[in-house]
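Take a look at the structure below.
What follows draws every value from the coordinates through simple rules; no lab data is involved. Note that this is a predicted model, so its numbers are computed, not measured. For neighbour counting, all protein chains shown are included, and Cβ atoms are generated from backbone atoms with ideal geometry for every residue, glycine included.
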Amino acid sequence: MSEDRKSPPRVALVGNPNSGKTALFNAMTGARQKVANYAGVTVEKKEGLFVSPAGTRVRVMDLPGTYSLRARSPDEEVTRDVVLGRMEGEEVPDAVVFVADATNLRLNLRLALELKKLGRPIILALNMMDAAEKQGLKVDPAELSAELGMPVVPTIAIQTGGIQTLLDQIDRTIQVAELEGWSHNRAECGWSEPSSHDLRDYHREVERVLARAIHSHARPHTATQHLDKVLLMPGIGLPILLAVLFLTFQAVFTWARVPMELLDAGITLLKEGVDLTLPDGPLKSLVIDGIIAGVGSVIIFLPQILVLFFFIQMLEDTGYMARAAFLLDKLMGGVGLHGRAFIPLLSSFACAVPGIMAARTIENRADRIATIMIAPLMTCSARLPVYTLLIAAFIPERPVLGGWINLPGLVMFALYAAGILSGLLVALVMKRTVLKGAREPLLMQLPAYRLPRPRNVALGLLERGQAFLVRAGTTIFTLMVVVWALGSFPAPPDGALEPAIRYSIAGAIGHALEPLLAPIGFNWQIALALVPGMAAREVAVGVLGTIYALSGNGDALRSSLATALAHSWSLPTALSLLAWYVFAPQCLATLSVVRRELNSRFWPLVMFVFLTGLAYGAAFVTYRVAVSVLGG
Amino acid sequence: MSPAPADRSAVNPVLLGSLGKGTRAEIVGLDESRVHTPLKSGELERRLIEMGLVEGAHVEVLHEGFPRRDPIAVRVNDHTVALRRAEADAVLVVALTTMSAV
């Protein structure tokens, strides 16, 4: 550490979950924030920049919410290590801002006392003061400050000017800290993991401080009490939760349709533009078939992911998410899953990648692995093009159940249901065998309901969208190029009659796989399509189009390809491929995110093997049964 | 701090996990030894304290989940905590009143 600091001072925001910490962070930094990962762990690192009233540029970090510095999850470990200065590659923060929910001081202040042991400059931000005063809180900040031995500032993160006093205080604290040169003396840190005895002492100290500084306690939030009487009563609450999930699900498909069509049109336009400008050759093929087609096939899901995260963000910001976990905990516990597992699983219907990333909120590793392992069994939207194609080709439009639904709709529903049911079954088996052990305790605060702030929702969505695009632009981009190379080299000999891909490495792999796949009714065309399908499931549709020597894009391709398939495949083969797609781990992006999230090569391998086994088994049974019923 | 009143010390404590909806009680002790948990010893007790479930706190069972009335949502002084009955059994309480009696 150099004497004259060149980098701007750093402030860390620490607080309980639900303390409005992120809203405060947004109020301080606005859009000047970026999300990255801490080195070596997958926990997201949120950093922003603001200019203090004195004109100093200050970097501020939003650390994961926690009730304690005794870390219980990877997220909480980051909070502990950063404030303790143990995090590799991170400088020790110059000051800590402890964000406390003013409506709930008794619960929040204990952590403030724990943080004080760090011996670093600390500021207490009494957040959500407006709500607290409405609920009847009368607090004397000066008295509180004197009792706790740290500056206390009331803040209202959601109001313009509601954080001015906090910014002024940060200026003063940093100045004092620089004068005293505290950062050179790390020996002062007196924190050690508190025992239950220490925790009780902290608790008594909080009671003592509050008795002096608080003249009237905040009453419970009445609207929350009334809402919970309805929303948490199982008879009413569970149907409402199902309706909310259904609405979310519906919106993911309907709201996202138009933007997805626009993106699709844009991608086609881009391909055509490149087609006209670049000369024929490998470069053109790489750009069009590899990069634009490959990365485009993933980016096209951005609208769905944004719609999904919009709903998740709303559910989280209102405080409903905790209720959903409460309502589902016992039901999901039936198969050994944690109540919190439902958010990752819901996300996985759009795409397993954000779903698996959302499993970070599950503290216990065994619970988390179980959730991640079954996430790919929730039918993601990348499987839809394959389902649509095969259903259009083989399932006749016929009303069933007295005309309420038609046969294609019923088959589609059955494919989704098969995924969900087998997912629950797999979880049950895993929790009874390899991932044995009692479930992690629930112990979760049910926060007061709050109206979501558009600004926070917008910033949250921006963050999600960026994270997804960065993944599409890095890992997925690389994978797409590899898969393109497999499908393009070596080039077909002169005068070749068959599609070029037949002569490539992918073609050789497809041929090698053919005998293995024959028992489940797959021909060489399918075997070949499955290889590039590893990059993204729906690419298989495009490959089948190439093999059956069809041209065109999107719907045109699908309808003419459907006709071609209907003529050349048997119904048992089509059904077998549908069954295969319910389970098959046909997505390198998913496997790579599992490897990254669990920091293990073992689990993605397990996932690949067991999903392939399931897929093969399901396709085999489907094919054999269909052949014996319908005839080859 | 609310010192345990003399008239309540004679009452046998019951487990928080056994309380029905609407029951109010005061926490008189924590004992995780009877609870089966994957956590290391002493951890559940510390987590309970961190969530405000500590001697002297007043609790009330507000909501019950489904099925088998599990988990439960408990008001702890000023905030609400959701937990499973199995882990709530680590919390010893003495009943104060019941809502239905009021």
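Rounded to the nearest 10 degrees, the inclination of helix A:302-318 to the longest alpha-carbon principal axis of chain A is 30 degrees. Summing Cβ point charges (Lys, Arg +1; Asp, Glu -1) relative to the Cα centre of the range A:454-630 gives a dipole of roughly 520 debye. The order of A:422, A:68, going from fewest to most other C-beta atoms within 10 Å of their C-beta, is A:422, A:68. Computed on the Cα atoms alone, the convex hull of the range A:278-425 gives a volume of 174 cubic angstrom per residue.
Basic side chains Lys and Arg get +1 at the Cβ, acidic Asp and Glu get -1 at the Cβ, and with that the dipole of chain A about its Cα centre reaches some 1160 debye. Shape analysis of the range B:13-101 based on the Cα gyration tensor places the equivalent ellipsoid semi-axes at 19, 15, 11 Å, largest first.
Considering only GluC sites (Glu not before Pro) in DSSP loops that have at most 12 other Cβ atoms within 10 Å, the longest stretch of chain A without any of them is A:89-396. Dividing the mean sequence gap of close Cα pairs (under 8 Å, 6+ apart) by how many residues chain A holds gives a relative contact order of 11 percent.
Helix A:477-488 sits at what angle to the longest principal axis of chain A, using alpha carbons and giving 0 to 90 degrees rounded to 10? Around 10 degrees separate the two axes. The antiparallel fraction among DSSP beta bridges confined to the protein assembly as shown stands at about 70%. The residues A:416, A:202, when put in order of fewest to most other Cβ atoms within 10 Å, stand as A:416, A:202. How far, in degrees from 0 to 90, does helix A:320-333 lean away from the longest principal axis of the Cα atoms of chain A, to the nearest 10? The answer is roughly 60 degrees.
In the frame of its principal axes, the range A:427-544 has Cα extents of 71, 42, 20 Å, reported largest first.
Relative contact order of the range B:13-101: 48 percent, from C-alpha pairs under 8 Å at least 6 residues apart in sequence.
Applying the criteria of a DSSP loop state and at most 12 other Cβ atoms within 10 Å to the chymotrypsin sites (Phe, Trp or Tyr not before Pro) of the range A:446-491 yields no site.
If you sort the three axes of the alpha carbon gyration tensor as a ≥ b ≥ c, you get a/c of 1.5 or more for chain A and a/b above b/c, which makes it prolate. Under the criterion of Cα pairs below 8 Å and six or more residues apart, the relative contact order for the range A:454-630 equals 19 percent. Across the range A:195-208, coupling constants 3J(HN,Hα) worked out from phi with the 6.51/-1.76/1.60 Karplus curve, θ = phi - 60°, read 7, 5, 5, 4, 4, 5, 5, 4, 4, 5, 5, 4, 4, 5 Hz, and Gly and Pro carry x.
Taking every residue in A:199-211 and counting other chain Cβ atoms within 10 Å of its Cβ, the average works out to 3. Over the residues of the protein assembly as shown, the helix contribution to mean residue ellipticity at 222 nm works out to -16000 deg cm²/dmol, using -39500 (n - 2.57) for each DSSP H run of at least 4.
The charge dipole of the range A:246-356, taken about its Cα centre with unit charges on the Cβ atoms of Lys, Arg (+1), Asp and Glu (-1) only, comes to about 440 debye. For the peptide A:219-229, the mean number of other protein chain Cβ atoms found within 10 angstrom of a residue's Cβ is 2. Set the bar at 21 Å for Cα to Cα. Now go through A:21/A:46; A:21/A:45; A:330/B:40; A:431/B:40; A:117/B:40 and name every pair that lies beyond it. Distance filter (> 21 Å) returns A:330/B:40; A:117/B:40. The residues A:56, A:103, B:23, when put in order of fewest to most other Cβ atoms within 10 Å, stand as A:56, B:23, A:103.
Taking a straight line from the alpha carbon of residue A:34, these aspartates and glutamates sit under 15 Å away, with near neighbours fewer than eight places off in the same chain left out: A:44, A:47, A:62, A:463. Please work out whether the range A:413-482 counts as rounded, prolate or oblate from its C-alpha gyration tensor, where a ≥ b ≥ c are the square roots of the eigenvalues and a/c under 1.5 means rounded, while otherwise a/b larger than b/c means prolate and anything else oblate? Judged from the Cα gyration tensor, the range A:413-482 comes out oblate (a/c at least 1.5, b/c at or above a/b). Shielding of peptide A:440-451 by partners, expressed as the average count of other chain Cβ atoms within 10 Å per residue Cβ, is 6. Pull out a ≥ b ≥ c, the square roots of the eigenvalues of the alpha-carbon gyration tensor of the range A:40-199, then state rounded if a/c is under 1.5, prolate if not and a/b is larger than b/c, and oblate in the remaining case. The shape class here is rounded.
Based on the Stokes-Einstein relation at 4 °C and a viscosity of 1.567 mPa s, and on the Kirkwood radius from alpha carbon pairs, the range A:454-630 is assigned a translational diffusion coefficient of 72 µm²/s.
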